[in-house]
Amino acid sequence: MKKIITTSFEETQQLGFDFAKMLKGGAVLALYGDLGSGKTTFMQGLARGLGITRNIISPTFLIMRSYEITKKGLKHLYHLDLYRVEEASKAMDLGINELMGEPKNIVAIEWPDKIENLLPEKRINIYFAYLGDDKRQIQIS
Ligand code: ADP
Ligand code: MG
């Protein structure tokens, strides 16, 4: 378990950027934490780290956004935000089961709690916590 405290949004983006370098195809990331704890900010850096130049915006209203990856033989980053999803079955209707673990995909899920028992056992959990105005704690396990 790696525990980091960041003191600016740029630092959290940098963390995501560096983390992207260690990611392998098929990775599933479960991003836990309250609203404003930095999950999407981390994803902005992570996407940059994967060579994605399009702006990462929160998928809250669309639930899922996909981005093309041109690095490391990867194809797509799927960024999900299940905050507005009321039933796990709705999330499954998006076909995420088929996307998760596919070797050319990276799947990152905000509010994974909503589908906790449908998540693959083999995943990376990242816990975000608000510590103060610009201070966040990020734990990667
Ligand atoms: P979430 O996706 O978890 O709801 P966001 O990443 O969308 O959270 O929002 C985090 C907000 O907090 C952003 O407005 C960001 O600029 C701000 N912020 C301030 N300090 C930090 C930090 N150290 N890490 C991440 N975000 C920070
Ligand atoms: Mg978010």
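What follows draws every value from the coordinates through simple rules; no lab data is involved. Quick caveat: nothing in here was measured; it's all calculated off a predicted structure. As a convention, Cβ positions derive from the backbone with ideal geometry for all residues, glycine included, and neighbour counts pool all protein chains shown.
Candidates are the residues of region 25-64 that are surrounded by fewer than 16 Cβ atoms within 10 Å (Cβ to Cβ) and more than 10 Å from ligand 1 (Cβ to nearest atom); the one that is farthest from Phe9 (Cα to Cα) is Gly25. Between a first residue in region 1-18 that is within 21 Å of Leu77 (Cα to Cα) and a second residue that is within 15 Å of ligand 2 (Cβ to nearest atom) and not in a helix (DSSP H, G or I), which pairs have beta carbons less than 8 Å apart while being 6 or more apart in sequence or on different chains? Final answer for the pair search is Thr12/Gly38; Thr12/Arg136; Thr12/Ile138; Leu15/Ile138. Checking each residue in region 8-17 for being loosely packed, with under 15 Cβ neighbours inside 10 Å and either within 14 Å of the chain's Cα centre (by Cα) or small (Gly, Ala, Ser) (or both) picks out only Ser8. Test Lys114 against the criterion of being more than 16 Å from Thr41 (Cα to Cα), crowded, with 17+ Cβ neighbours inside 10 Å and of a type in the set (D, E, K, R), and give yes or no. Yes; evaluated as a whole, the condition is true for this residue. When Arg123 is tested against (1) charged (D, E, K, R); (2) without any contact (Cβ under 8 Å) to a residue 60 or more places away in the chain; (3) surrounded by 15 or more Cβ atoms within 10 Å (Cβ to Cβ), only condition (2) is not met.
Candidates in region 32-66 are the residues that are of a type in the set (Ser, Thr, Tyr) and touching a Phe, Trp or Tyr at 6+ places or on another chain (Cβ under 8 Å); of these, the one that is nearest to Gly16 (Cα to Cα) is Thr41. Taken over region 68-85, the criterion of being surrounded by fewer than 14 Cβ atoms within 10 Å (Cβ to Cβ) and either aliphatic (A, V, I, L, M) or touching a Leu at 6+ places or on another chain (Cβ under 7 Å) (or both) is satisfied by Lys71 alone. Where strands (runs of 3 or more DSSP E) fall wholly inside region 25-121, the ranges with 3 or more residues that are under 27 Å from Lys135 (Cα atoms) are 28-32, 76-81, 105-110.
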